[in-house]
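Asker: Let me give you the structure first, and then I'll get to my questions.
The values are calculated or read from the model by the stated rules, or taken from the named source; none is laboratory data. All values derive from a computational prediction rather than experimental measurement. In this analysis, Cβ positions are derived from the backbone assuming ideal geometry, glycine residues included, and neighbour counts consider all displayed protein chains. Just so you know, the surface numbers come from the protein's heavy atoms only, side chains and all, with ligands and any DNA or RNA stripped out. Shrake-Rupley method; radii C 1.70, N 1.55, O 1.52, S 1.80 Å.
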Amino acid sequence: MRKLTVLAFKEALVAFRDRGALAMMLVTPLALTLIMMAAFGSGSNSTPISDIPVLLLNRDTGTFGQVLTDIFFSSSVGNLVAPTLIEDESEAAARARVDADEVAALVIIPQDFSARIFPFGARAQALTGVDVMALSSDAALTPEQQAGLAQAFMESQTRSEEARTDSVIVEIYASPNWRISALVVKAIVSQGLERLNIQIAGTTNIVARQATAMLQAGQTDVDMASAMSAMSAGNAGQGTAGGAGVDLPIKLVTTSTTGRGFSWLGYYASSMAVLFLMFAVTSGGRTLLAERQRGTLPRLLISPTSALTILLGKMGGIVLTGVLQMLILWGATTLIGAYWGHPGGVLLTIVLLVTCASSVGALISAWARTPGQASAIGSAITLIGGALSGSFFVRWNLPQWVQYLSLVTPNAWGIEILSRLQAGRAATTILPWLGGMVLLTIFYYALALVGFRRQFK
Amino acid sequence: METTALVEVQSLYKRYTPNGLYAVADVSFEIHTGELFSLLGPNGAGKTTTISVISTLLQPTSGAVRVAGHDVQRNPMAVRNVIGVVPQELALYDDLTAHENLRFWGEMRGLHGAELAQEIAEKLELMELADRAKERVSTFSGGMKRRLNLAVGLLGRPKLLMLDEPTVAIDPQSRRYILDWVKKLREQGVTILYTTHYMEEAQELSDRIGIIDHGKLIALGTFDELIQLVGQHETLRLRLLQEGGGAELAAALQSLEGDRIAGIIEASATNGEVLINVTSAEATLAAVIGTATGLGLSVRTIDIREPNLEAVFLRLTGRALRD
């Protein structure tokens, strides 16, 4: 055991002393993570997307909820989404459909959406019957209606103060397996909110003009008119008038089926780490051939150390190096904001993933004839494996057959498991994947053992 | 010197492929405790293969090899515990320091703690590398690496030290250092198996010498015993002005052997030189030059050598050692 540890430690020490290898292991994946983030982090994607199945649950009794859902059916959205309006009582069923990946997302507009984002409008309609959103600037209001508007305004002042501290939440409940689609849905909702923004800004302007007119005509007292006019300056709870920016008290929350949203940074941080882990371990596997070539392997074999200890020590060193590499990348990317998932799960995944990756290194080392050959094969396998499994493109956007094919690579299992951890998926959905990765590890090591027996013979 | 056999090699055969040529064929010898035994032969003669079998790196095709009473096939780990090997290649880790290399290889030999620390200090001192102990091997000169390579072989105080051509491709100063160091070890009673293709080294260092060629042990004995094989003959070494003329002259001398020019025993040409084994240089020199002149060849240099292993090899194989 002591010799095994010494061998493993020596491997790690040699690996970490090689500046070129360090750049490959640590600096390059970090740089590529940031580059990929910059390139794709805004959600742009070259994959054509259409007819994204999305469920809309509008509980709002006012007009704004309707405005928001209408945008999903508008020509501006085209065939980007395939929306379905659902009834309130079917929310649980709708969430279940998202959980089952039948639809990309569920958009939930809360019951008091309109009243909370524009309390003045809702109250004015209740008191006067006037739909302020449909009010024109030259509309003739009766004195009762003017009084009602004034009262509605005064009441909305208080409510809008509350609204500032308690934003209304529009929830997008999205499947982690429809990441790009969820981002598209989010963009459409944001577009709808912007439309509401403009409408409310316009209404605010009209009411302000009405107030000014009332003041000029002496139809109301100065305090009331001034207060209403102030609404146009942004004190009515709905924000600033003038048409441009209205600060609606709305919070758009994207949740995945397990409560955590998709993060480009998290995705690329882990996928790049996995990619460069593969580079490191396939290169590590090459060291066995290199040791043979430079004569240190024969010297090891004639020391009082068994061939099995030497093999396990070498592989242990490669695993140790890989684990350290992943831990450093995990720490570094976390510092720049990436979330990898529950620490315990990430740690277990890293250990199993590195072991799995080392089996590929062992396989190459066992069957290649020269270090150069092993290096070339290792690089080819790493790059092809990376492309297949989603290191360069988001895995879920790749064709289904590619996703299945990629499961011959440790990369695919690693990215899949780490993504699930990032999404906060339950352990029960992750354990089968970990099990699959362990089986792949055993299979590759068995093949490698056959090759090693041939070599050591 | 004790006469106990530490190494026993009996009818050793080794070939690398089932139907291939034998790299070693019917080799038998013993190395006694405290003895310095040299295997002398040209490149590809089977020296490294023999050492590889004794050190358990290769399995013999047939025959028996025992080290300290342990059979290399049946009990390889016991053999490895008593041997130290200095391979021909520099088997070191360039990215580790000299100290780290010694520590690593010491651990692999089962040393640790204070014992290992003491051995490392001793070896660094012995090899005059103590002041460079913390520097990476990649910064070392070829001679320093060679010395460190030797130090690694000495870790664990092996009963049998095998040195496989330790002076290949190094500068004369380092070579001298290594030869002196081997002599010191020999004086300390360490049993040594030394392979070389430099007959001067074998001549200078060895208690006994085995001459190996084409996988076969063609002569075995002390230096004096081997010299007896060719008698007290001298060697004439001629360099000609004409490149390629050596073979012609050697053939001519060979055909005249025992005929017109009495005293020529063997003649061969190699590397632009003509080596002539003669009973008396003085008696034959004029005739040799005359033969060369008769062939239209001009002699550039002449060198007369006392009886040596080169002559023995030439006598036994008809070729020079460096062919």
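Asker: Any idea what the relative contact order of region B:176-316 is, in percent, if you count C-alpha pairs under 8 Å spaced at least 6 apart? Before the final figure, lay out each step's value.
Answerer: Details: 209 pairs, mean separation 37.5, N = 141.
The value is 27 percent.
Asker: Something else about it: How far is the Cα center of region A:312-391 from the Cα center of region B:143-174, in Å?
Answerer: So the two Cα centres are separated by 38 Å.
Asker: Projecting each Cα onto the charge dipole of the protein assembly as shown (Lys/Arg +1, Asp/Glu -1 at the beta carbon, about the Cα centre), which of A:S263, B:V182, B:L220 comes out farthest on the positive side?
Answerer: Farthest towards the positive end: B:L220.
Asker: Less than 25 Å apart at the alpha-carbon level, and either on another chain or at least 8 residues along: which lysines does that give for A:K186?
Answerer: Partners found: A:K251.
Asker: Please give the helix B:142-154 orientation as an angle from the longest Cα principal axis of chain B, in degrees from 0 to 90, rounded to the nearest 10.
Answerer: Helix B:142-154 sits at roughly 60 degrees to that axis.
Asker: Now for a separate question. I'd like the FRET efficiency for B:L316 and A:T28, computed as 1/(1 + (r/R0)^6) with the beta carbon distance as r and R0 of 56 Å, rounded to 0.05.
Answerer: Working: r = 61 Å, r/R0 = 1.09.
Calculated value: 0.35.
Asker: Then there's this: What area, in nm² and to one decimal, does the C-alpha convex hull of the protein assembly as shown cast on average over all directions? Don't jump to the answer; show the numbers that get you there.
Answerer: Details: hull surface 197.1 nm².
In nm², the orientation-averaged hull projection of the protein assembly as shown is 49.3.
Asker: Roughly how many debye, to the nearest 20, is the charge dipole of the protein assembly as shown about its Cα centre, given +1 on each Lys and Arg Cβ, -1 on each Asp and Glu Cβ, and no other charges?
Answerer: Working: 62 positive and 69 negative charges, 250 e Å.
That gives a dipole near 1200 debye.
Asker: Taking accessible area as the heavy-atom solvent-accessible surface of the protein chains with a 1.4 Å probe, which residues of region A:1-39 lose no less than 30 Å² upon going from the isolated chain to the full protein assembly?
Answerer: The answer is A:R2, A:K3, A:V6, A:K10, A:V14, A:R17 - residues whose exposure falls by at least 30 Å² when every protein chain is included.
Asker: As a test of reading the structure, rank A:I442, B:I302 by solvent-accessible area (1.4 Å probe, protein chains only), most first.
Answerer: A:I442, B:I302
Asker: Under 21 Å between alpha carbons, and skipping anything fewer than 8 positions from B:K216 in its own chain: which lysines qualify?
Answerer: Counting by Cα, and skipping residues close in sequence, B:K216 has these lysines nearby: B:K14, B:K47.
Asker: Given points 7 Å out from each Cα along the Cα-Cβ axis, report the A:R2 to B:A283 separation in nanometres with one decimal.
Answerer: 6.8
Asker: Once you place label points 7 Å from the Cα toward the Cβ at B:L295 and A:T61, how far apart are they in nm?
Answerer: So the two model labels end up 12.3 nm from each other.
Asker: Specify the residue with the greatest mean-square fluctuation among B:L154, B:L193, B:L238, computed from a Gaussian network of chain B linking alpha-carbon atoms under 10 Å apart.
Answerer: B:L238
Asker: Please compute the modelled spin-label separation between A:I35 and A:A446, points set 7 Å along Cα→Cβ, answer in nm with one decimal.
Answerer: According to this spin-label approximation, the distance is 4.0 nm.
Asker: Excluding A:K3 itself, calculate the net charge of residues whose Cβ lies under 10 Å from the Cβ of A:K3, where each Lys or Arg counts +1 and each Asp or Glu counts -1.
Answerer: Values: positive: A:R2, B:R109; negative: B:E107.
Computed value for this residue: +1.
Asker: Hey, in the GNM for chain B with a 10 angstrom Cα cutoff, which one of B:E107, B:E234, B:E266 fluctuates hardest?
Answerer: Looking only at B:E107, B:E234, B:E266, the largest GNM fluctuation is found for B:E107.
Asker: I would also like to ask the following. Can you say what percent of the DSSP beta bridges in the protein assembly as shown, counting only those with both residues inside, are antiparallel? Round to 5. Walk me through the intermediate numbers first.
Answerer: Numbers: 42 of 79 bridges.
Of those bridges, close to 55 percent are antiparallel.
Asker: Still on this structure: By the scheme Lys and Arg +1, Asp and Glu -1, what is the net charge of all other residues having a beta-carbon under 10 Å from that of A:P371? All intermediate terms of the calculation are to be shown ahead of the outcome.
Answerer: Numbers: positive: A:R286, A:R292, A:R294, A:R369; negative: A:E291.
It works out to a net charge of +3.
Asker: If you roll a 1.4 Å probe over the protein assembly as shown with all protein chains in place, what percent of the accessible area is carbon or sulfur? Spell out each step's value before the answer.
Answerer: Values: 18510 of 32930 Å².
Carbon with sulfur: 56 percent of the solvent-accessible area.
Asker: What angle do you read, to the nearest 10 degrees and between 0 and 90, between the alpha-carbon axis of helix B:113-126 and the longest principal axis of chain B?
Answerer: So the helix axis and the longest Cα principal axis differ by about 30 degrees.
Asker: Before I look further, what does the protein assembly as shown give for accessible area per residue, probe 1.4 Å, in whole square angstrom? The partial results should precede the final answer.
Answerer: Numbers: 32930 Å² over 780 residues.
Ligands and nucleic acids excluded, the result is 42 Å² per residue.
Asker: On to the next question. For region B:5-227, what percent of Cα pairs sit more than 33 Å apart? The partial results should precede the final answer.
Answerer: Details: 3643 of 24753 pairs.
The share of Cα pairs beyond 33 Å in region B:5-227 comes to 15 percent.
Asker: Normalised radius of gyration for region B:123-229, please: alpha carbon Rg relative to 2.2 N^0.38 Å, two decimal places. The partial results should precede the final answer.
Answerer: Values: Rg = 15.3 Å, N = 107, 2.2 N^0.38 = 13.0 Å.
Expressed relative to 2.2 N^0.38 Å, the Cα Rg reads 1.18.
Asker: Take every Cα pair under 8 Å in chain B that's 6+ residues apart, average their separations, divide by the length, and report that relative contact order as a whole percent.
Answerer: Working: 639 pairs, mean separation 59.9, N = 323.
It comes to 19 percent, rounded to a whole number.
Asker: Here is a further query. Among the lysines, which fall within straight-line cross-link reach of B:K184, defined as a Cα-Cα distance under 19 Å, with same-chain neighbours fewer than 8 residues apart omitted?
Answerer: Cα-Cα hits under 19 Å: B:K123, B:K159.
Asker: While we're looking at this one, here's another question. Which residue, B:A287, B:A91, B:A133, tops the fluctuation ranking in a GNM of chain B built on C-alpha contacts under 10 Å?
Answerer: Comparing B:A287, B:A91, B:A133 in a Gaussian network model of chain B, the most mobile one is B:A287.
Asker: Compute the signed sum of charges (Lys and Arg +1, Asp and Glu -1) over the other residues within less than 12 Å, Cβ to Cβ, of B:S38. Could you put the intermediate results ahead of the total?
Answerer: On the way: positive: B:K47, B:R186, B:R208; negative: B:E35, B:D164, B:E165, B:E200, B:E201, B:E204, B:D207.
Residues near B:S38 contribute -4 overall.
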